[in-house]
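This report concerns only the one structure given below.
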Amino acid sequence: MDNENKELNISTIYEDAKEGDVAIADDVVATIAALAATDVEGVYAMHTNITNEIAGRLGAKNLSKGVKITIEEGEVFVDLSITMKYGYSIPQTAKTVQEKVKAAIENMTGLNVAAVDVRISGVNIDNLN
């Protein structure tokens, strides 16, 4: 099962000889991160790329767009790319995103989050008059 987990980017988060193992896919951790980030006031959306745009138009939902997860030795490294709403403080919003994403991942998975890197990829100005 270890080779299968590495191919699917799945990490074991709990091992017990009697009860069994609990494993989690990187995509699950990425979805948790994306939902926590988009819940922060001032975040318009996760940054998307052309592949996500095409998949979205074909009906495929990808809640983890704009998120890269790396899990090494039980520690999670998160790289987020977000689009901000115009008029919000970038430093304060990014700090809040880091805090919320770290807390959400740690509370829901039990994994330790070593770093949450936030990249501002754009600013949404659609609602400006």
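Quick one: which residue in 113, 101 is in a strand (DSSP E or B) and either without any contact (Cβ under 8 Å) to a residue 24 or more places away in the chain or within 16 Å of residue 26 (Cβ to Cβ) (or both)?
113
Yes/no matrix, rows are residues, columns are (1) at pLDDT 95 or above; (2) among the basic types (Lys, Arg); (3) closer than 14 Å to residue 44 by Cα; (4) exposed (fewer than 13 other Cβ atoms within 10 Å of the Cβ):
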residue: 73; (1), (2), (3), (4): no, no, no, yes
residue: 78; (1), (2), (3), (4): yes, no, no, no
residue: 87; (1), (2), (3), (4): no, no, yes, yes
residue: 95; (1), (2), (3), (4): yes, yes, no, no
residue: 102; (1), (2), (3), (4): yes, yes, no, no
residue: 107; (1), (2), (3), (4): yes, no, no, yes
residue: 123; (1), (2), (3), (4): no, no, yes, no
residue: 126; (1), (2), (3), (4): no, no, yes, yes
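For the list (1) over 16 Å from the mean Cα position of the chain (by Cα); (2) modelled with pLDDT under 90, I need the number of the one condition that residue 41 fails.
Unmet for residue 41, out of (1) over 16 Å from the mean Cα position of the chain (by Cα); (2) modelled with pLDDT under 90: (2).
So, in segment 59-98, of the ones that are of a type in the set (Gly, Ala, Ser) and either in contact with a helix residue (DSSP H, G or I) (Cβ under 9 Å, 6 or more places away or on another chain) or not in a strand (DSSP E or B) (or both), which residue ends up nearest to residue 10 (Cα to Cα)?
Residue satisfying both the conditions and the ranking: 74.
The values are calculated or read from the model by the stated rules, or taken from the named source; none is laboratory data. On a predicted model such as this, the values are computed, not experimentally measured, just so you know. Don't worry about glycine lacking a Cβ; one is built from the backbone with ideal geometry, like all the others, and counts go over all protein chains shown.
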